[in-house]
1. So, counting K/R as plus one and D/E as minus one, what does the shell of residues with Cβ under 15 Å around residue 491 add up to?
2. Could you tell me the distance between the Cα centroids of segment 311-336 and segment 152-204, to the nearest Å?
3. In the neighborhood of residue 392, defined by Cβ-to-Cβ distances under 11 Å, what is the net charge if each Lys or Arg adds +1 and each Asp or Glu adds -1?
4. Classify segment 424-573 from the C-alpha gyration tensor, please: rounded if a/c falls under 1.5, else prolate or oblate depending on whether a/b exceeds b/c.
5. Just how far, in whole angstrom, is segment 205-239 from segment 50-111 if you go by their alpha carbon centroids?
6. Rg and Dmax in Å for segment 481-555, alpha carbons only: what are they?
7. What is the Cα convex hull volume of segment 107-192 when expressed per residue in Å³?
8. Which residue, 190, 289, 464, has the largest displacement toward the positive end of the dipole of the chain when charges sit on each Cβ (Lys, Arg +1; Asp, Glu -1)?
Amino acid sequence: MKKFYLLLSAILLTSCFDKPLAQSVNPETDKVFLNGKYKSTAQVNEFTETGKQYYFIKVWGFLKYYGNFNGTDTDWDDYFLKNIGRVGSMDKMEYQNFIKGTISLFPKPEKKTIQNNEKDYCLIDNAWFGNKKYFNKDIAKSLSFLFINHDAADNEFAEQNRIGTINFTNEKKYNDSNYPEKNIRLLGLSRYWNIINYFYVYKNDMSENWDELLLYFIPKFSHAENARQYSLAVQELSSKLYDCHSMIRSQYLDREVYGRYVPNFRVMMIDSTIMVKSLRVPKWDDGKVKIGDIIVKIEGKNAIEKYREFNTIMKGANPLSEQRIICPYVLSSVKSTMVYTLLRKGKEIEVVVDLKDYSTFSSEEKRIKNEYQEEIIIKDYPDSTAYINLDYISNSNFEENFDAARKYKNLIIDIRNYPHGQTTLNLISYIMPKQDVFFMNTYADVTSPGLLRKKIGYMLGSNNNSHYKGNVYVLVSEATQSEAEFLVMALQRNNKVKVVGSQSAGSDGNVQPFHFPGKIETVFTGLGIYYPDETSTQRRGIKIDVNVNQTLSGIAKGNDEILEKALSIIHKN
């Protein structure tokens, strides 16, 4: 994911954009938002502790991004920490006076000749200004005045680079403990919620309403009794983006909750069946578990039930990418052995499997890849067909492999993986016959928080008469994510390219990092990526010419059904 940010930055050097200035998205007519302008469905009709915290978090976030910090010396984090615990006990008059005083910490802006119109702001719904249970007319008027007269200027807490990527600045880290005290936990929630509220480009495509989720998570963060409950609340919150980029990184969760130990095999869930699909390191196979085995129980617990428990706190962009994310956690353990109940050829058997720290497998798999990435790895198939798996392509062996492929009439490129090094740029030059634009993108404007802008992507490739002129078949699956999806979109500009496979991950675009208090890191998709016709790739995945899904019978037989389909198409043609 980090590499995709670097890729976009590298490509940018060849582009003509000087600033992230582009047309604002019209929430009523633009296709980039299938669901139109964001509307809050949260109902806060009673004057409650959670409600008071909810509106303080919204006011705090609004002022963080709309207030003029040049006119105040208030430490905004400290202000939150000092007050989030006391607002819950305030009566209505005391609360309204407090909110009014909070707003007055910032200088009143000058009245603009052309005022901001909330209808233009796709990502936000300011109807909450007028909630009479919590605010009086003066508060509603002050908030509205700040919004409509906000002048596009430098943002104290967010900076934007040339491609629209945001750097969230002046954010203190609170890393003293895996279990921060309550007010710090709520500060983390408030920071994250407001960043997503104003700047998450795919906010309107989420499955759940972001305002309702704030009401749901305030008690979860507030009442978390230990590091485990707090960390799992963060995991669940980040999953609500339904974004494959948004998994969290936490040493505490890895070691104490999920466990770092995993078996020497991977599984896939199809139709509520979890089946062994491959070995991590074949030479370490002890023969106890075989490809095609069905995982029935794990340590005596129903495997599907365990999967569903993880599914409450882990979401994917679509069903295929979701199972890809969750399945490794179903197999992980804090212990170095695991008891599996397997279904093999209609009979249940129980096996005790030795596990290894996942870094051990990762290191060995990387070593094997590195060996291949120094070699010619083309596989020769009938019908003048060459097959190249990008997992084994790097800067070192790209040229010799793809030069060797030129003599074939058909080229199968397997992108069910993540590109290495400069493979994306190299392959675009190899396949694309001319310089072309293959995407458009959206970004959230930090100078007008809540406003979404769009622009046509930059030119890639070159007028290249020496490009590969044969037929190209690109293989994709749920493992095709982010930079890999971006690469496929580029290759599709060549009309001799056909995409074969199953739905890709649906998490295209760069990544934005975020730090939660308590040594927890997460990221989320920062730029919206669309086809030139404005078809979204987020959650949907890239466009596929021939859909092929892996089946249980195919896995059991050791068949690669996606590759077989591509070979079948070539043979018939």
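The values are calculated or read from the model by the stated rules, or taken from the named source; none is laboratory data. Keep in mind it's a predicted model, so treat the numbers as computed, not measured. We place every Cβ from the backbone using ideal geometry, glycine too, and count neighbours over all the protein chains shown. Remember, those area values only see protein heavy atoms, side chains included, never the ligands or the DNA or RNA. Shrake-Rupley method; radii C 1.70, N 1.55, O 1.52, S 1.80 Å.
1. So the surrounding residues net to +1.
2. Computed from Cα coordinates, the inter-centre distance equals 26 Å.
3. Net charge in that neighbourhood comes out at -3.
4. oblate
5. Segment 50-111 and segment 205-239 have Cα centres spaced 22 Å from each other.
6. In Å, with Rg to one decimal and Dmax whole: 15.5, 51.
7. Considering the Cα atoms of segment 107-192, their hull volume per residue is 172 Å³.
8. Going by the charge dipole, the pick is 289.
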